[in-house]
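First comes the structure, then the notes that go with it.
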Protein chains: 2
Amino acid sequence: MINQNFLINGESMTKWYAGVEAGGTKFNCIVASGPEHILAEIRIPTTTPEETLPKVIHFFEQVKQENQIRLESTGLGFFGPICLDHESSHYGWITSTPKLAWRNTQVVHYFEEQLKIPAAFDTDVTAAALGEGRWGNAQGCRHFIYITIGTGIGGGIINEGKPLHGAIHPEVGHMFLPHDRSQDPFVGICPSHQDCWEGLASGPAIKTRWGQPAETLPANHPAWQLESDYIAYALGNLIVSFSPERIILGGGVMKIPGLIAQVRAKTVACLNGYVQNEKLLQETDQFIQLPGLGDRAGELGAIALAQTIS
Amino acid sequence: MINQNFLINGESMTKWYAGVEAGGTKFNCIVASGPEHILAEIRIPTTTPEETLPKVIHFFEQVKQENQIRLESTGLGFFGPICLDHESSHYGWITSTPKLAWRNTQVVHYFEEQLKIPAAFDTDVTAAALGEGRWGNAQGCRHFIYITIGTGIGGGIINEGKPLHGAIHPEVGHMFLPHDRSQDPFVGICPSHQDCWEGLASGPAIKTRWGQPAETLPANHPAWQLESDYIAYALGNLIVSFSPERIILGGGVMKIPGLIAQVRAKTVACLNGYVQNEKLLQETDQFIQLPGLGDRAGELGAIALAQTIS
């Protein structure tokens, strides 16, 4: 772990950063310098930009005042789609999101103006990937992927140590997968694609298919065989596409006991030795892991994101 | 197009490069400085390294001698899997290929030793991508993908103007796709995965499914509806994974008249507006294109690859 402490005039001084993990139901806000130096945290409901954003600013201002600190920069890990193109006039905006109140909301400029410090912007899943790379279970990896499987499914891709954005940014939760309707006649719940990965395997998809929430289904329920099949096919596709060194699987659904073990075995099985990645084949338990930062991967990821610009 | 001509002592002097596109049936070898300056070309059958490689060297030596030129560097675009990790002791090798005679063949060192010039090494499809980016239909794009659909299916990914390798290199032809067995009961021909993209949609897959070669099937044959379905799903997956600005579709199967138009329409249809990529939605004919370099994408790509190191 990088030492965030600097001795100035004989006193230990920690550099503090503001982090925001913005999701569809809540904003997780944190002031920290790393997982072992968390000064304050708060959850603020996601309602409208007019209501939510000022509450976030108020929290950071309050923490600064109460602790007599300054903040170095802000890391903003947001639900998408967002504009990450620095050459676009829409850089720093939430763009065509299905959350209508948030469509075309300027985020980066607002935070920079309110807090008077620079802000770094990326998707929530890319922030989580940066957090896992810095302090979690992807330390030392240059090519890795963070996936969240919960209310939705999304992924942050790190290639050569840097977030991969492409023209907009990846949306791997919407990939198309084998769907054997004789085994699983469920049509899927994605409003755009019906039976894409998210449509078949997100928390709400599991709940709709089986009529009860994922966390209430016992470990021996057939739900988990299907779920691990879909996740394994998707990881197979991510492996043949990005050739990662590691995949971190976060999100609520991955907390089901035993699920990750099934996913590991099935991912290796479906690739059937074609990809001669020794780390995948010989150290599968390391290759496919849960987040080292647990539920804080996203918000600490926002701190890691903030640290990329200061 | 970059001007390859330099005036020295009042005379025009072209810089010449050696290019090798190494495939399963033949090595396409070329001496050129670009698509408009091709000095010599040859096709050499792919038999064994002991037989094929000396013939390739002999060709380049002969062209040098006959034309009284020197070669600046060699670009080697090879069938995979290959080792691209400069820190590995196997850098420059063909590794676990199913072509047994070529398994664990040292390629880069051999060419550098024989020709006494530096050699750049990558997959055949990444070389083709570099060629299309430099002189073909992906000029000006920083994020794009070259796909070949022929004897096999493979893809070269360019991200931020550079080949994406990850830990080994992508093998996108082996991605898993929706396969509705009630529409298409064909089990697929991939020896590792049966009904992955290559197993369902490569030239040999089409031939096995319908009992006749792809090029003999008329344009209104149901083969092309299935084929465009699979390609569209695969391009959808590539788009949500890499967020490219453009996709170039090469290889023999893509020469079927009308196929690319079906692929364009179905790719947009299957993503169903979810990815708000204006280039995809409004300029689909540019977003999904055939190679500007035609059948020479691979060998001229090897020249573009050679030029990255000289």
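Go ahead and set up a Gaussian network model of chain A, Cα springs under 10 Å, then flag whichever of A:G251, A:G161, A:G131 fluctuates most. Of the options given, A:G161 has the highest mean-square fluctuation. Normalising the average separation of contacting C-alpha pairs (under 8 angstrom, six or more residues apart) by the number of residues puts the relative contact order of segment B:137-290 at 26 percent.
Relative contact order, whole percent, for segment B:220-310 stands at 35, derived from Cα pairs under 8 Å and 6 or more residues apart. One chain, two ends: B:S310 and B:K162. Fully extended at 0.36 nm per residue, the span grows by 51.7 nm beyond their Cα-Cα distance.
Distant-in-sequence amide contacts of A:T123, defined by a placed amide H-H separation under 5 Å and a gap of 5 or more residues or a different chain, comprise A:F78.
Can you tell me the orientation of helix A:49-67 relative to chain A, as the angle in degrees between its alpha-carbon axis and the longest Cα principal axis, to the nearest 10? Between the helix axis and the principal axis of chain A, the angle is about 60 degrees.
Counting only other chain Cβ atoms within 10 Å of each residue's Cβ, the peptide B:159-165 averages 4. How high is the FRET efficiency between B:N272 and A:D295 when r is their beta carbon distance and R₀ equals 35 Å, given to the nearest 0.05? Efficiency for this residue pair is about 0.60.
Of all beta bridges DSSP finds with both residues in the protein assembly as shown, what is the antiparallel percent, to the nearest 5? Bridges in the protein assembly as shown are about 65 percent antiparallel. Ranking B:H109, B:H165 by solvent-accessible area of protein heavy atoms (1.4 Å probe, all protein chains present), from largest to smallest, gives B:H109, B:H165. Taking chain B as the reference, fit the longest principal axis to its C-alpha atoms, fit the long axis of helix B:124-134 to the helix C-alpha atoms, and give the angle between the two in degrees, 0 to 90, nearest 10. Result, in degrees: 80.
On full extension, the segment bounded by B:S88 and B:Q62 gains 6.0 nm, given 0.36 nm per residue less the C-alpha separation.
Between A:R43 and B:S192, the distance separating the two model label sites (each 7 Å from Cα on the Cα→Cβ line) works out to 4.3 nm.
Using the Cβ-Cβ distance between B:E112 and B:D285 with R0 set to 56 Å, the FRET efficiency works out to roughly 0.85.
Helix A:297-307 and the long axis of chain A differ in direction by around 40°, with both axes built from C-alpha atoms.
For chain B, modelled as a Gaussian network with Cα springs under 10 Å, which listed residue fluctuates most, B:P185, B:P204, B:P49? Judging by the Gaussian network model, the answer is B:P185.
For segment B:243-285, the list of GluC sites (Glu not before Pro) that fall in a loop by DSSP and count at most 14 other C-beta atoms within 10 angstrom reads B:E283.
Only lysines eight or more places from B:K26 in sequence, or on another chain, were considered; those with a Cα closer than 30 Å are B:K15, B:K55, B:K64, B:K99, B:K116, B:K162, B:K207, B:K255. When the GluC sites (Glu not before Pro) in segment B:55-150 are filtered for DSSP coil states and for at most 15 other beta-carbon atoms within 10 Å of their beta-carbon, the remaining sites are B:E87. Less than 5 angstrom separates the built amide H of A:T105 from those of A:I94, all sequence-distant by 5 or more or on a different chain.
Just want to confirm a number: the relative contact order over chain A, from Cα pairs under 8 angstrom separated by 6+ residues, in percent. Contact order relative to length: 21 percent. If you bin all the Cα-Cα distances of the protein assembly as shown at 10 Å, starting from zero, the percentages per bin are 3, 16, 25, 25, 17, 10, 4, 1, 0. Site pair B:T208 and A:K99 shows an inter-label distance of 4.7 nm when each label is modelled 7 Å from Cα along Cα→Cβ. Note on B:176-189: average number of Cβ atoms from other chains within 10 Å of each residue's Cβ is 3. Each of A:Q139 and A:A261 was given a label point 7 Å from its Cα along the Cα-to-Cβ line. The distance between the two points is 2.6 nm.
The values are calculated or read from the model by the stated rules, or taken from the named source; none is laboratory data. Predicted model only: the values in this text are computed from it and were never measured. In this analysis, Cβ positions are derived from the backbone assuming ideal geometry, glycine residues included, and neighbour counts consider all displayed protein chains. Keep in mind that these areas ignore ligands, DNA and RNA; they rest on the heavy atoms of the full protein, side chains included. Shrake-Rupley method; radii C 1.70, N 1.55, O 1.52, S 1.80 Å.
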